[in-house]
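Below: the structure, in structure tokens.
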Amino acid sequence: MRRPALTRVVLIGALLGAASNLIAQAPATTVVDVGAARLETVTWGDGEPIVLLPGTGYSSTAFSLLGPELARRGYRAIAVNPRGVRGSTGPLGGLTYHDYAADVGRVIERVAGGRAHVLGWAWGNRIARTLAADSPERVATVVLIAAGGKVPPDPSLAQITTRLQQGPYRNHRGHGAVKND
């Protein structure tokens, strides 16, 4: 069974659904002690966990539309603020991707039951990939958003992007696609 393709379809559907579902459920914010740091997490819903990792300079608020939509679709969306972002604290000097990945792995262990889907956006995709390499037992699947590289995009994703740009969905204050009425 090809789970990555299924995950891609679910994620695309969730992104489109998030655009039309602007009334967000109130998330639960907690701080998780991961040893060397304390990481703030923002959680929506119950169900199979999917950990959301933001890009550089962003926080869990980057997922304020996607988190509730994933919850509506039966997932427990857990956005993690890395060290130094919002309510997350811990030493910042000399950190590597492996350190950040270990932090997220401990969040998965303590909050998500030991294993989760991991979505990384931009800088977060590097942490997601590092976590999958360092601790594959913690990662059910990896979803990468805004991940540069030399691999051409899937043609179906290019078609969806074009439809979003030309159709009733347009960029809304830099937060992704929302339906314009």
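The values are calculated or read from the model by the stated rules, or taken from the named source; none is laboratory data. None of the values given here were measured: they were computed from a predicted structure. We place every Cβ from the backbone using ideal geometry, glycine too, and count neighbours over all the protein chains shown.
Quick check on my filter: what residues within the range 120-130 are assigned to a helix (DSSP H, G or I) and either β-branched (V, I, T) or under 15 Å from P49 (Cβ atoms) (or both)? Before the answer, list the steps.
Residues of the range 120-130 that are assigned to a helix (DSSP H, G or I), as a first pass: 123-130.
I127, A128, T130 - these are the residues of the range 120-130 that are assigned to a helix (DSSP H, G or I) and either β-branched (V, I, T) or under 15 Å from P49 (Cβ atoms) (or both).
Okay, residues lined up against (1) of a type outside the set (S, T, Y); (2) assigned to a loop (DSSP other than H, G, I, E, B):
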site: A36; (1), (2): yes, yes
site: T43; (1), (2): no, no
site: A79; (1), (2): yes, no
site: R83; (1), (2): yes, yes
site: G105; (1), (2): yes, no
site: V118; (1), (2): yes, no
site: A132; (1), (2): yes, no
site: T141; (1), (2): no, no
site: L144; (1), (2): yes, no
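Out of the residues in the range 61-92 that are crowded, with 24+ Cβ neighbours inside 10 Å and β-branched (V, I, T), state the one that is nearest to I50 (Cα to Cα). So that I can check it myself, show each step before the final result.
First, the residues of the range 61-92 that are crowded, with 24+ Cβ neighbours inside 10 Å: 63, 66-67, 69-70, 77-80, 82.
Of the ones still in play, those that are also β-branched (V, I, T) are 78, 80.
Numbers: I78: 6, V80: 11 Å.
The qualifying residue nearest to I50 (Cα to Cα) is I78.
Kindly evaluate R8 against the criterion of being of a type in the set (D, E, K, R), surrounded by fewer than 21 Cβ atoms within 10 Å (Cβ to Cβ) and at pLDDT 95 or above.
Answer is no for this residue.
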Among the residues of the range 20-34, write down those that are surrounded by 14 or more Cβ atoms within 10 Å (Cβ to Cβ) and part of a loop (DSSP other than H, G, I, E, B).
N21, A24, P27, V34
If you check every pair at least six apart or on different chains, which have Cβ atoms under 9 Å apart with a residue in the range 135-162 that is within 10 Å of V118 (Cβ to Cβ) first and a residue that is at pLDDT 85 or above and assigned to a loop (DSSP other than H, G, I, E, B) second?
R138/A112; R138/G114; R138/R115; V139/R115; A140/R115
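I'd like to verify a number: residues in the range 73-87 that are hydroxyl-bearing (S, T, Y) and without any contact (Cβ under 8 Å) to a residue 24 or more places away in the chain, how many? I'd like the intermediate steps shown before the answer.
Let us first name the residues in the range 73-87 that are hydroxyl-bearing (S, T, Y), namely 75.
Filter once more, keeping what is without any contact (Cβ under 8 Å) to a residue 24 or more places away in the chain: none.
The qualifying residues number 0.
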Go through I145, I108 for me and flag whichever is at pLDDT below 95 and out of contact with any His (no Cβ under 6 Å at 6 or more places or on another chain).
I145
Candidates G47, G105, G90 - the one that is on the phi > 0 side of the Ramachandran plot and free of Cβ contacts under 8 Å to residues at least 40 places away in the same chain:
G47
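Yes or no: S135 out of contact with any strand residue (DSSP E or B) (no Cβ under 8 Å at 6 or more places or on another chain) and polar (S, T, N, Q)?
yes
Being under 11 Å from the mean Cα position of the chain (by Cα) and part of a helix (DSSP H, G or I) narrows it down to one residue among A62, A71; which is it? If you could, list the steps in order and put the result at the bottom.
Details: A71 fails: under 11 Å from the mean Cα position of the chain (by Cα).
On inspection, the qualifying residue turns out to be A62.
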